[in-house]
Structures are given as C-alpha cells and as structure tokens.
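Single-structure report; data block below.
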Amino acid sequence: MDSIPTSTLFAVLAALLLTSAFFSASETAMMAINRYRLRHAAESGVRGAIRAQALLGRTDKLLGVILLGNNLVNSASATLSAVLAIRLFGSGEAVLFVATLLLTFLILVFSEVTPKVVGAAFPERVAYPATLLLTPLLTLAYPVVWFVNLFVQGILRLLRIRQPEPGQENSLGLEELRTIVLESSGRLPREHHRLLMNLLDLEDITVDDVMTPRSQIESIDIEDDLDRIQQQISTSHHTRLVVRAGSPDNLLGVLHVRRVLYALTGEELDLEALKENLEDPYFVPAGTPLFTQLRNFQSGRRRLALVVDEYGELQGLVTLEDLLEELVGEFTTHAPSDAGYLRHEEGGSWLVEGSVLLRHLNRKLGLSLPLDGPKTLNGLLLEQFEDIPEAGVSIKLGNVPVEIVQTQDRAVKMARIHVPPTEAAQPGHVSI
C-alpha cells in the first residue's frame with residue numbers, strides 16, 4: 001500500500017463513504033416505503049416496485065446483505081483512514097485518535113444521517129433504483145447472509161421472539177384504516193372522503209340509531225273499516241306498509257302496495273286477498289350494526305325490517321333506504337310528512353320535532369350533540385331535565401340553546417334550536 005499515491009487513497013476513502021451512504025439510504029428507504037403503494041405500483045407493472053416487493057418478501061435476507069456491505073465498507077474506511085493518518089502525520093496515539101474522530105464525523109454526516117434522511121423523505125425514488133444493485137448483491141452474498149442468519153434465528157429462538165407471518169405485519173384494522181382515510185382527506189375529493197368515512201362508521205352505528213320509532217310507524221289495522229283501509233293505502237307515500245290486527249304488537253306482515261293496486265282503482269278491497277299478499281314480518285334484534293344489517297338485507301333480499309328488543313317487543317322499523325342514507329346521504333324522495341320535523345325560522349333558529357334522531361339533527365345543522373345515549377332529541381332533553389319539561393323552559397346543550405315549545409303525552413313534541421353562528425355544539429356539557 002506504500003506504493004499507492006496518497007491522492008488515490010483519498011479517492012478510495014471517498015468512494016467507501018459514498019458506498020456506505022448508498023447502503024444507509026437503501027436500508028431506510030426500503031423500510032420506510034409504503035407497502036400498499038408499493039403493491040399497487042408492482043401490480044401496475046413498475047419494475048422497480050416489483051424488485052422492491054420481491055426483496056421485502058425476504059426482509060431478513062435483505063437486511064443481512066445491506067448490513068454486511070455497510071459494515072465491511074465502514075471497517076475498510078477505518079483501516080484506510082488510519083493508513084492515511086500515519087502516512088501524513090506519523091504513527092502516534094494522538095494522530096490515530098484524531099483520525100478516528102474525524103472519520104466518525106464524516107461517516108455520521110455523509111454516510112449515515114444525511115442519506116437516511118433522504119431515504120426516509122423519498123423512499124420510492126431511492127428504493128426503486130437501489131434494487132438494481134441490491135438484487136445481484138443478495139444473490140452473490142447469499143451464502144454469507146444465510147450463515148449469519150443461522151445465528152440470528154438461533155438468538156431469536158433463545159429470546160422466544162416469533163417473527164410475524166408474511167403479510168401479517170402489514171394488516172390493518174378498522175381504526176387504523178379510519179386514521180389513514182382521515183389523514184388523506186386533503187388528497188381525496190370531499191364526497192369520496194365522506195363516503196369512505198360513512199362506510200367505516202357503519203360498524204359502529206346500529207339500527208337503533210336510524211330506525212323509525214314505533215310511535216311513528218305507519219301501519220294498517222286490518223280490523224278498521226274497508227273504506228278507511230282503502231283510503232290509507234291510496235294516500236300512503238310508502239311502498240310498503242306494516243299490517244297489524246288491533247294492537248301494534250299483533251303484527252300480521254308487510255304489504256307491498258303494488259300488490260293491491262286494484263284497491264286504488266275503485267274496486268272493492270278484499271281483506272282475504274290482502275292477507276294472502278302479505279310478506280312475513282322480518283324481525284331483527286336491537287343493537288344490530290348497520291353493516292351487518294346491510295349484508296342481511298342483501299342476502300335475504302329484503303328492504304324492510306322490524307326492530308325488536310330483548311323481550312320481543314317492537315321498537316321501530318328500519319329500511320334499506322335508511323341504511324343507504326347513512327352511507328351516501330339523504331335522498332330527495334322522502335314523503336312530504338317526513339320533511340316536516342325540521343323547519344328554518346327567521347332569526348336563524350330551527351323548529352324541530354322532539355322525535356327527530358340526533359344523528360339527523362347533527363348532520364342537518366352541523367351540531368355535535370352526544371350520540372352515546374338517547375337517540376332522539378326528546379330522549380336527550382328528558383335525560384337532561386330528568387323530568388317532563390314545560391313549554392317555555394330553555395336548556396343549553398353544550399353551547400346550543402334549546403327552547404321547549406310544546407309537550408304532549410309525557411314527551412317533548414316541539415323544540416326550538418338556536419344554532420350558534422360560528423361554533424358547533426360541544427357534547428357532554430349541559431346547563432340550564
């Protein structure tokens with residue numbers, strides 16, 4: 001080595017530092033690359049992504065060859081720096097100490113920190129070209145890497161550390177997926193982002209949150225006069241009606257109005273024919289998640305279900321349209337009577353029926369009323385008052401003033417909500 005010019009040794013040292021930088025940047029980029037984006041790029045035919053995915057399928061081997069090359073290069077750099085220090089300044093302990101400090105600084109700045117920052121900031125730009133060298137290196141150094149991994153696997157077994165199955169470490173749960181969708185709100189169209197969030201929320205929302213309460217179910221009493229039944233069918237805005245015999249708990253079935261269209265043409269309604277056209281009632285337990293119920297509707301080819309509690313008593317009615325509205329938003333095909341629960345007044349206030357669902361109220365008015373307790377505005381007001389309030393009494397839900405307008409049958413019939421102009425309601429705090 002004495003015959004080699006000093007300038008050549010400096011050039012070799014610089015090359016070794018650059019090689020170390022390559023291994024450091026490659027390691028960070030390969031580990032930081034987004035696996036789902038990588039999979040999409042590989043399926044799209046990007047060659048660098050295909051090579052990177054193949055290398056990441058053998059992570060232990062990949063890390064082995066990167067660390068092997070990096071350590072060999074750093075060891076050669078240390079030896080070469082000692083040779084240069086002795087040649088330039090003599091063989092003293094102080095010289096070797098200063099040379100070691102200087103080399104450590106150069107490695108940290110040019111071979112470790114800087115390339116790793118670049119690799120973490122631009123993983124695809126670094127990883128894809130790096131695979132052109134890492135792939136043949138892994139093939140050449142495979143025997144050495146395999147031998148080293150024998151000791152690594154042995155140590156892991158002694159420590160009782162089990163490696164995850166391939167692909168298991170990249171699996172996502174609903175909460176992780178929800179976080180990804182939330183963080184990507186700026187990159188997705190607003191409607192697409194809202195649709196994805198609604199879809200993820202279907203597992204947390206139950207049929208109790210969207211059902212029509214028992215008291216508001218439009219039903220036909222088979223024991224009524226024929227004229228009344230015929231008029232009810234002809235004036236109904238629903239395509240399906242629940243049929244009962246007297247008591248709301250004595251359900252006979254569900255009638256599809258189009259099956260008795262002759263009742264709308266002046267012909268006499270035949271009760272026996274009406275009963276023959278009834279569909280068996282489809283009951284679902286309260287608390288069923290909307291996503292589960294959506295699949296049940298699909299598999300059973302149903303569009304309407306009756307919600308019952310643990311004692312088998314009817315609690316409400318839920319339709320396929322109710323579930324779809326939670327996913328894509330409200331439709332414009334509601335019956336006129338369905339839109340009367342919410343009316344805007346002069347001054348910015350809203351006149352609201354007590355039976356309105358809190359979820360619809362939050363969505364319509366941009367509020368944040370709590371949803372973990374009562375499902376309707378009446379239920380929330382009764383819970384806060386702990387009594388039946390009188391007309392004219394006001395309460396504040398968060399920072400949303402609510403005035404009781406009318407009470408009827410031990411319930412709040414109408415209320416007036418004064419929506420704050422700039423701030424949304426904050427759940428949990430209630431003052432009177």
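The values are calculated or read from the model by the stated rules, or taken from the named source; none is laboratory data. Bear in mind the structure is a predicted one, so any value in this text is a computation, not a measurement. Note that each Cβ is placed from the backbone with ideal geometry, even for glycine, and that neighbours are counted across all protein chains shown. When the accessible area is computed, the model is the full protein with side chains, heavy atoms only, and any ligands, DNA or RNA have been set aside. Shrake-Rupley method; radii C 1.70, N 1.55, O 1.52, S 1.80 Å.
Observations on the structure shown:
- Using the rule -39500 (n - 2.57) for each DSSP H run of four or more residues, divided by the residues of the chain, the 222 nm mean residue ellipticity is -15500 deg cm²/dmol.
- Distance in nm between pseudo-label sites at Trp146 and Tyr282 (7 Å out along the Cβ direction from Cα): 5.9 nm
- GNM top mover of Leu261, Leu88, Leu367 - the chain, alpha-carbon springs below 10 Å: Leu88
- Probe 1.4 Å - accessible area at His344, Å² to nearest ten: 110 Å²
- Between Glu386 and Arg162, the simple spin-label model (points 7 angstrom out along Cα→Cβ) gives 5.2 nm.
- A cut-off of 5 Å between modelled amide H atoms, ignoring neighbours fewer than 5 places along the same chain, links Val405 with Gly392, Met414, Ala415, Arg416.
- Tally of Lys pairs whose C-alpha atoms are under 25 Å apart, taken over the chain, 8 or more apart or cross-chain: 7
- Nitroxide proxy distance, nm - points 7 Å out along Cα→Cβ at Glu310 and Ala120: 5.1 nm
- Between Glu203 and Glu272, the contour length at 0.36 nm per residue exceeds the Cα-Cα span by 20.7 nm.
- Calculated percent of Cα pairs over 38 Å apart (choose from (1) 29; (2) 38; (3) 53), label: (3)
- In Hz, Karplus ³J(HN,Hα) per residue of region 219-226 (6.51, -1.76, 1.60; θ = phi - 60°; x = Gly, Pro): 9, 9, 8, 5, 8, 6, 5, 4
- Vicinal HN-Hα couplings computed from phi for region 308-323 (Karplus, 6.51 cos²θ - 1.76 cosθ + 1.60; Hz; Gly/Pro x): 10, 8, 5, 9, x, 7, 5, 10, x, 9, 10, 10, 4, 5, 4, 5
- If R0 is 45 Å, the Cβ-Cβ spacing of Ala245 and Leu342 corresponds to a FRET efficiency of close to 0.85.
- Loop-located chymotrypsin sites (Phe, Trp or Tyr not before Pro) across region 1-36 with a Cβ neighbour count of 12 or fewer within 10 Å are lacking, with loop assigned by DSSP.
- Taking every protein chain into account, the accessible area of region 56-193 amounts to 69 square angstrom per residue (probe 1.4 Å).
- Whole-percent carbon and sulfur share, accessible surface of the chain, 1.4 Å: 57 percent
- Net dipole in debye of the chain [+1 Lys, Arg Cβ; -1 Asp, Glu Cβ; about Cα centre; nearest 20]: 3140 debye
- Residues in region 211-296 average 56 Å² of solvent-accessible surface per residue, probe 1.4 Å, ligands and nucleic acids excluded.
- Solvent exposure ordering (accessible area, 1.4 Å, most first) of Met31, Met197: Met31, Met197
- Rolled with a 1.4 Å probe across the full set of protein chains, the surface gives Val118 an accessible area near 70 Å².
- Heavy-atom accessible area ranking, 1.4 Å probe, most first, across Asp249, Asp227: Asp227, Asp249
- Relative contact order of the chain: 10 percent, from C-alpha pairs under 8 Å at least 6 residues apart in sequence.
- Backbone HN-Hα couplings from phi across region 22-38 [Karplus 6.51/-1.76/1.60, Hz, Gly and Pro as x]: 4, 5, 5, 5, 5, 4, 5, 5, 5, 7, 8, 5, 6, 5, 6, 5, 4
- Stretched out straight at 0.36 nm per residue, the stretch from Asn399 to Ser349 would grow longer than its current Cα-Cα span by 16.6 nm.
- Heavy atoms of Asp201: accessible area, 1.4 Å probe, square angstrom to 10: 50 Å²
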